[in-house]
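The values are calculated or read from the model by the stated rules, or taken from the named source; none is laboratory data. This is a predicted model, so every value here is computed, not measured. When we count neighbours, we look across all protein chains shown, and the Cβ atoms used for this are built from the backbone with ideal geometry, even at glycine.
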Amino acid sequence: MTEHTEEHSTWKSKFQAVGPGILLASAAVGGSHIVSSTQAGAIYGWQLAIIILLINLFKYPFFRFGSQYTLQNDKSLIEGYKEKGKIYLWVFFVMNIFSALVNTAAVGILAAAILFNIFPDGFGLSIAQLTTAIIVIIWSMLLIGGYQFLDRLAKWVMTALTIATVLAVVIALFRHREYAPGFVAPSPWQMAALPFIVSLMGWMPAPIEISAINSMWSAEKRKTVKMSYLDGIFDFNIGYIGTAVLAFIFLALGALIQFGSGEEVKSASAEYIAQFVNMYASVLGDWSRFLITFIAFLCIFGTVITVIDGYSRANNESLRLLLNKKEASQKSLYVWMTLTAVIGIIIVYLFAGNVATMLRFAMIASFLTTPIFAYLNYSLVNNTEHEVKGWLKALSIAGLIYLFGFALFFLYAIATGKV
């Protein structure tokens with residue numbers, strides 16, 4: 001890895017570089033924020049704030065390595081896996097295919113659940129059928145619009161959702177509220193809550209394989225905008241730190257409005273989305289219901305786009321490198337997008353449109369693969385020639401211990417029947 005020498009950076013060049021980090025945020029602010037963070041606040045109040053802080057902190061270096069490697073070497077993280085050894089690339093490729101299919105189905109179902117909240121009859125379609133329609137529409141859009149469309153849409157949707165959520169939380173902070181008579185806050189520090197905590201961490205702030213995808217978005221951005229190392233890291237930090245802060249804001253939304261109200265927190269479904277929208281309506285007014293639902297839908301819709309586009313790009317590039325081809329064709333990318341969409345739809349039907357089960361499965365599976373992806377990224381940028389140093393190395397080692405330790409503990413709990 002070559003050391004960065006180009007230090008020239010201005011505020012204008014920084015903001016011109018913004019894009020891949022926002023796509024990262026768009027991929028992140030989906031199930032992990034709208035569902036898991038808000039539910040964590042609604043069920044446990046502020047108690048899980050420490051878990052949200054730790055998982056965002058400990059995943060930071062492994063996400064950063066994706067952007068850092070591309071900015072310093074002008075190569076994607078996936079190319080780095082190939083150079084390190086084909087076994088690393090094979091591990092990434094197999095795990096990424098699994099993640100692509102499961103996560104496409106999961107976020108697609110969530111988008112359909114939001115539409116059911118707007119149109120209770122679902123246009124006469126079931127959750128599974130509506131999910132199919134959404135995925136097919138997105139697949140068509142990607143074939144037409146590509147990266148530039150994705151870049152523009154993500155910025156507007158993230159801005160709208162952030163403003164609405166911050167406004168709702170600020171108003172809730174100054175609003176007098178009372179807990180339901182006899183309310184006793186449940187404790188998350190028991191084995192029964194472990195699956196919820198693990199699923200919360202799985203997609204917080206995003207599935208970790210998005211780090212490799214983000215490095216490809218950075219490479220794509222550099223084709224149109226001259227982006228220095230400093231500007232690229234600025235873009236990454238804007239996206240990553242922004243999603244971490246938003247996680248706490250969504251936690252606050254649940255803790256300040258629904259926690260202690262006596263209302264049962266529904267599992268992820270059309271019913272839960274109705275509760276989510278009610279949180280905004282209770283402080284902003286009924287006029288905001290449709291607006292918030294529409295913004296939430298656009299947010300998840302954007303997540304589905306980034307998932308299908310990003311995972312397809314990563315799988316297409318991985319296969320190209322494994323086959324030692326000079327370059328991947330646009331046609332092969334479209335094939336991957338089509339396969340991801342079709343198999344994602346099949347998985348949706350296998351789960352019969354069950355939003356909660358699909359999301360929980362996807363989030364837990366994502367967490368269990370996190371330590372492996374994290375080690376892959378760390379091993380790539382930390383070697384005999386170029387060593388990760390200082391606070392970033394200390395945080396990386398602490399992160400690996402935390403991620404592997406928690407994953408092994410969860411597997412032990414399952415094996416012994418404790419959860």
Discussion item. Which pairs turn up if I take residues in the stretch 15-43 that are among the small types (Gly, Ala, Ser) and look for partners that are surrounded by 24 or more Cβ atoms within 10 Å (Cβ to Cβ) and at pLDDT below 70 with beta carbon separation below 8 Å, at least 6 apart in sequence or on another chain?
Written reply: Ala25/Ala154; Ser26/Ala154; Gly31/Ala268
Item to complete: Go through the residues of the stretch 398-413 one by one and say whether even a single one is more than 19 Å from Ala212 (Cβ to Cβ), among the β-branched types (Val, Ile, Thr) and over 25 Å from the mean Cα position of the chain (by Cα).
Response: no
Worksheet item: Is there a residue in the stretch 339-354 that is closer than 20 Å to Ile197 by Cβ, buried (at least 17 other Cβ atoms within 10 Å of the Cβ) and touching a helix residue (DSSP H, G or I) at 6+ places or on another chain (Cβ under 9 Å)?
Response: no
Worksheet, complete the sentence: Restricted to the stretch 189-219 and to residues being of a type in the set (Phe, Trp, Tyr) and over 12 Å from the mean Cα position of the chain (by Cα), the residue surrounded by the fewest Cβ atoms within 10 Å (Cβ to Cβ) is Trp189
Worksheet entry | Count of residues meeting criterion [closer than 26 Å to Gly85 by Cβ and either among the aromatic types (Phe, Trp, Tyr) or modelled with pLDDT under 90 (or both)] in the stretch 334-375 | 4
Worksheet item: Just checking, which of Ser396, Ser312 is closer than 19 Å to Ala28 by Cα, crowded, with 17+ Cβ neighbours inside 10 Å, of a type in the set (Ser, Thr, Tyr) and touching a residue at least 40 places away in the same chain (Cβ under 8 Å)?
Response: Ser312
Practice prompt. Would you check if there is a residue in the stretch 174-183 being out of contact with any helix residue (DSSP H, G or I) (no Cβ under 6 Å at 6 or more places or on another chain), farther than 27 Å from Trp287 by Cα, surrounded by fewer than 23 Cβ atoms within 10 Å (Cβ to Cβ) and acidic (Asp, Glu)?
Written response: no
Response to the item:
Of the conditions (1) over 14 Å from Ile34 (Cβ atoms); (2) surrounded by 17 or more Cβ atoms within 10 Å (Cβ to Cβ), the single one that Thr293 does not satisfy is (1)
Discussion item. Looking at the stretch 373-391 only, could you name the residues that are surrounded by 17 or more Cβ atoms within 10 Å (Cβ to Cβ) and in contact (Cβ under 8 Å) with a residue 40 or more places away in the chain?
Written reply: Phe373, Ala374, Leu376, Asn377, Tyr378, Leu380, Val381, Val388
Worksheet item: So which residues in the stretch 315-338 are among the hydroxyl-bearing types (Ser, Thr, Tyr), without any contact (Cβ under 8 Å) to a residue 60 or more places away in the chain and touching a helix residue (DSSP H, G or I) at 6+ places or on another chain (Cβ under 7 Å), if there are any at all?
Response: Ser332
Worksheet item: So which residues in the stretch 220-232 are buried (at least 22 other Cβ atoms within 10 Å of the Cβ) and either in contact with a strand residue (DSSP E or B) (Cβ under 9 Å, 6 or more places away or on another chain) or in a helix (DSSP H, G or I) (or both), if there are any at all?
Response: Lys221, Asp231, Gly232
